[in-house]
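Have a look at the structure below, then the notes.
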Amino acid sequence: MGILISQLSWKIGGQQGEGVESTDRIFSTALNRLGYYLYGYRHFSSRIKGGHTNNKIRISTKPIRAISDDLDILVAFDQESIDLNAHELRKGGVIVADAKFDPSVPEGIDARLFPVPITKLAEELGTSLMKNMVASGASWALLGLPLEVFNKAVEEEFGRKGPAIVEKNIEAVKRGADFVLELAGGPLDEFKLEEADGKQKLFMIGNEAIGLGSIAAGCRLMSAYPITPASEIMEYLIKKLPKFGGTVIQTEDEIAAVTMAIGANYAGVRTMTASAGPGLSLMMEAIGLAGMTETPLVIVNTQRGGPSTGLPTKQEQSDLNAMVYGTHGEIPKIVIAPASIEDCFYDMIEAFNLSEQYQVPVIVMTDLQLSLGKQSCEPLDYSKIQIARGKLVQDAPALEGAELFKRYEFTEDGVSPRVLPGEKGGLHHVTGVEHDEVGRPSESAVNRRRMMDKRLKKLNALEIRDALRIDAPIEKPDLLIIGMGSTGGTIDAARERLKQDGISSNHITIRQIHPFPADALKPYLEAAKKVIVIENNATAQLAGQIKMYAGNSEKIESLLKYDGNPFLPLEIYKACKEMS
Amino acid sequence: MATFKEFRNNVKPNWCPGCGDFSIQAAIQRAAANVGLEPEQLAVISGIGCSGRISGYINAYGFHGIHGRALPIAQGVKLANRELTVIASGGDGDGFAIGMGHTVHAIRRNLNITYIVMDNQIYGLTKGQTSPRSAEGFKTKSTPEGSIETTLSPLEIAMSAGATFVAQSFSSDLKGLTSLIEQGIKHEGFSLINVFSPCVTFNKINTYDWFKENIVSLDQFPDYDPSDRVAAMNKIMETNGMLTGLIYQNTTRKSYEDMIVGFKPEALAKQDLALTQEQFDQLVSEFK
Ligand SMILES: Cc1ncc(C[n+]2csc(CCOP(=O)(O)OP(=O)(O)O)c2C)c(N)n1
Ligand code: SF4
């Protein structure tokens with residue numbers, strides 16, 4: 001028996017709609033049961049049926065948050081999947097391909113090919129739909145993992161459909177496993193994984209963590225318009241919110257989605273909307289309305305390739321400026337960027353709290369990889385769920401005569417008491433026109449200045465959890481690497497290699513994008529010999545914020561990627577080494 | 001119980017003297033009192049335009065939003081607190097130009113709110129440009145040679161969008177208008193009330209006198225049955241959209257709120273936000 005390995009990469013490719021997703025789901029669910037850490041990446045196009053698609057997962061005994069540079073096992077439903085992905089295979093990697101299409105290994109690639117009659121075995125059991133079972137069974141067998149665990153996952157996936165279906169699927173798994181083991185002469189020694197810790201992790205995509213976090217935060221309404229890669233949030237919430245008395249409403253467009261959310265927040269229900277770039281663009285005027293009327297509002301923007309329709313199913317982080325600067329005039333606004341699957345959950349609670357405490361719009365920005373990549377998630381802590389509604393007044397004292405509630409009262413911190421419609425003592429007016437303390441339109445220059453100052457000073461006291469996520473073990477590092485969103489794990493993987501080359505580095509993830517936490521960042525910029533800002537866009541938007549607010553321009557360089565794909569550790573490693 | 005005076009506030013409207021919008025304001029105040037509301041039970045959500053200012057002139061909860069979006073804001077308010085009476089209001093530009101998409105979908109959706117359009121066939125606030133409601137040939141600042149677009153028929157659109165309550169009125173008919181607003185508020189679903197509201201400053205064609213001459217009141221047709229959809233559509237077309245009164249009402253279709261699975265009769269805004277440990281564990285267990 002060879003040495004046990006601690007991690008492995010597996011990919012499945014085929015035509016969209018032919019079972020790629022489900023093969024991945026069953027395979028990775030079973031791995032999750034054994035306690036492995038998983039990190040997935042979905043490559044898909046905006047076609048529904050047809051078109052090459054692939055899912056890649058990294059399997060590890062330690063926490064990982066990055067896709068790998070290379071690949072150990074490729075499962076292919078067609079030759080195109082081999083041709084497009086075989087170059088990723090490391091030397092001696094394995095291809096499990098459907099024998100049906102007479103697969104071949106492209107020239108110059110050193111890989112072992114196991115043709116398994118995937119479609120035929122499935123059809124023998126009655127339906128080619130069971131291809132996914134045959135393929136995942138074969139993959140499982142090559143790793144030499146216990147079949148009982150796999151069968152249990154199958155049982156749970158199909159249990160609802162009755163024992164006959166479960167049995168058929170288990171049989172499909174077995175046939176795939178038997179066939180490949182026969183070909184390979186048993187499980188492959190070099191793919192023998194160390195045993196995992198056996199502790200089952202949560203396993204989900206960022207959008208599900210966002211949905212779950214929203215419910216935990218007390219969100220009971222969502223108004224939204226479908227868009228990739230945000231739709232899973234509404235799809236998750238429509239399944240769950242009715243159990244808590246709430247609902248999801250699919251509106252006619254994003255303008256309706258955001259204004260409906262404003263109306264519902266005004267009337268006292270924590271309500272969110274979610275979209276991607278095109279929808280965010282449509283919401284801009286309404287974001288200003290929320291800012292001006294001091295109405296709480298939470299928007300999730302799952303970034304994808306822009307501009308316009310851009311690359312709708314690809315990774316990008318190019319809406320930062322739109323989120324920070326979008327809407328005319330000047331309002332206080334918070335933009336936070338979860339940087340992990342756990343953040344997606346906890347940040348939603350934070351976002352709803354901040355939006356009510358400061359009475360401002362809060363934009364939670366993710367990117368496609370964070371929103372859609374399925375990954376292991378540490379246990380979520382119920383005791384950390386705190387709901388804080390800020391200066392929400394209940395049972396306001398009765399008003400005298402023509403008196404109105406001072407909804408926009410000038411206060412020390414700029415935040416005024418808020419009351420919900422329906423309260424007898426709370427009558428006031430709300431308008432996007434500049435207004436006085438009771439919300440009546442006012443063009444007085446004195447009032448205008450005071451109101452602008454009042455609104456804008458609200459965020460002076462802003463404090464959020466981990467505004468910067470700091471990993472700075474080195475006092476004066478060669479490099480300070482800065483990133484945001486989903487790139488953190490990839491940066492850390494690259495840093496390990498840099499360390500082996502004698503290049504020291506610190507790593508900061510910016511989580512509070514706006515208002516920019518310049519003071520907290522400055523000392524780290526100053527301590528580093530060089531700063532490299534890594535982002536998935538072409539115009540270095542995050543670096544722009546850093547330079548504008550925290551200076552140190554002369555030592556800041558950018559590593560940018562805007563071809564639609566996430567960074568790979570090797571790319572970051574090489575670029576950083578060159579720049580250091 | 002509040003009288004209509006309690007729905008008045010001390011703000012002097014900035015409408016031009018003689019503007020039709022004054023009577024609509026009065027009609028809303030009367031109707032609110034007549035159906036037995038207290039000011040805090042009413043939320044008036046308005047758009048942008050001369051007409052949009054109305055939410056600031058009524059003593060109730062008022063929200064003056066952005067151009068064309070009164071309806072989605074109003075629907076959000078209603079979803080959050082279905083115990084409130086929600087009236088959305090704005091101009092014909094607000095509801096039938098920039099906000100037309102929302103109007104059609106709000107009608108289809110059928111939340112229990114009342115939408116009052118203050119229809120002056122012109123853009124007042126921006127000082128006299130054409131509106132989708134302007135007649136063909138109508139000369140305005142933006143159509144100096146006369147409008148060459150077809151006039152929009154909101155009543156026909158509402159009918160074809162599946163409206164459950166369609167009414168039209170004239171601001172001079174305070175009594176009729178008040179009664180229609182009362183019926184709209186009581187209607188269990190979305191009620192559209194289009195009100196001819198002359199703009200005395202910029203519209204020299206569709207004047208009070210012009211309306212008086214051209215309006216066709218449903219009172220003339222004692223046998224008219226507002227539950228007959230086909231008859232309603234015919235009457236609208238026959239009268240070239242100049243019909244006033246309760247044109248159509250469907251009392252059998254449930255409101256949107258009543259059809260949402262799991263939606264309670266009490267205001268969502270009053271419900272507890274916190275999850276129990278058990279509820280939380282159950283949600284989390286799906287991801288294992
Ligand atoms: C997005 C946007 N575009 C344009 C305007 C300018 N604007 C304000 S009111 C209005 C139209 C007013 O007409 P109508 O809605 O019929 O109301 P009225 O003033 O006639 O009552 C326009 C174009 C605006 N406020 N917002
Ligand atoms: S401009 Fe026309 S619509 Fe506006 S207030 Fe004057 S009369 Fe009324």
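None of the figures in this text is laboratory data; all of them are computed from the coordinates on show. What you see is a predicted model, and the numbers here were worked out from it, not measured in a lab. Glycine gets a Cβ as well: all are built from the backbone with ideal geometry, and neighbour counts include every protein chain shown.
Values computed for the structure shown
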| read-out | value |
| --- | --- |
| Karplus (6.51, -1.76, 1.60) ³J(HN,Hα), θ = phi - 60°, over region B:106-120, in Hz, Gly and Pro reported as x | 5, 4, 4, 5, 6, 5, 7, 9, 10, 10, 10, 9, 9, 9, 10 |
| Rg over Rh, two decimals, region A:376-481 (C-alpha only, Kirkwood Rh) | 1.18 |
| Distance histogram in 5 Å bins (all Cα pairs of region A:406-557, percent per bin) | 2, 8, 15, 15, 12, 9, 8, 8, 8, 7, 5, 3, 1, 0 |
| Over region B:196-274: Kirkwood hydrodynamic radius from C-alpha pairwise inverse distances, Å | 16.4 |
| Per DSSP, loop trypsin sites (Lys or Arg not before Pro) in region A:13-72 with at most 11 further Cβ within 10 Å | A:LYS49 |
| Rg over Rh [alpha-carbon atoms, Kirkwood Rh] for region A:135-193 | 1.03 |
| Loop GluC sites (Glu not before Pro), region B:110-187, which have at most 13 other Cβ atoms in a 10 Å radius of their Cβ (DSSP) | B:GLU136, B:GLU145, B:GLU149 |
| Within straight-line cross-link reach of A:LYS152, lysines at Cα separation under 17 Å, skipping those fewer than 8 residues along the same chain | A:LYS161, A:LYS168, A:LYS174, A:LYS199, A:LYS201, B:LYS288 |
| Debye log10 I(q)/I(0) at q = 0.11, 0.14, 0.17, 0.19 Å⁻¹ for region A:174-304, Cα point scatterers | -0.50, -0.64, -0.82, -0.99 |
| Pairwise label distance in nanometres, B:GLU266 with B:GLU136, each label 7 Å out on the Cα-Cβ vector | 5.7 |
| Zero-based 5 Å bins, Cα pair distances in region A:7-200, whole percents | 1, 8, 17, 22, 23, 17, 9, 3, 0, 0 |
| Cα principal axis extents for region B:1-121, largest first, Å | 36, 35, 19 |
| Mean residue ellipticity (222 nm) of the protein assembly as shown, computed from DSSP H runs ≥ 4 via -39,500 (n - 2.57), nearest 500 | -10500 deg cm²/dmol |
| Span per principal axis, largest first, for the Cα atoms of region A:468-579 (Å) | 34, 33, 23 |
| Descending principal axes extents, region B:180-227, alpha-carbon based, whole Å | 37, 24, 13 |
| Convex hull of Cα atoms in region B:4-262, direction-averaged projection (nm²) | 13.0 |
| Full-stretch length increase - A:ALA398, A:ILE165 - with 0.36 nm per residue and alpha-carbon distance subtracted | 77.3 nm |
| Sites A:ASN447 and A:LYS199, calculated FRET efficiency, Cβ-Cβ separation with R0 56 Å, nearest 0.05 | 0.40 |
| Cα-projected label distance for A:LYS406 with A:LEU570, points at 7 Å along beta-carbon direction, nm | 6.6 |
| Choice from B:GLN25, B:GLN220, B:GLN168 with maximal GNM fluctuation in chain B (Cα, 10 Å cutoff) | B:GLN220 |
| DSSP-loop GluC sites (Glu not before Pro) across region A:102-131, with at most 14 other Cβ within 10 angstrom | A:GLU107 |
| Rh (Kirkwood; distinct C-alpha pairs) - the protein assembly as shown, Å | 29.7 |
| Modelled FRET efficiency - R0 25 Å, A:GLU80 with A:GLU182, Cβ distances, 0.05 increments | 0.40 |
| Cα Rg, Dmax, region A:214-267, angstrom units | 10.7, 29 |
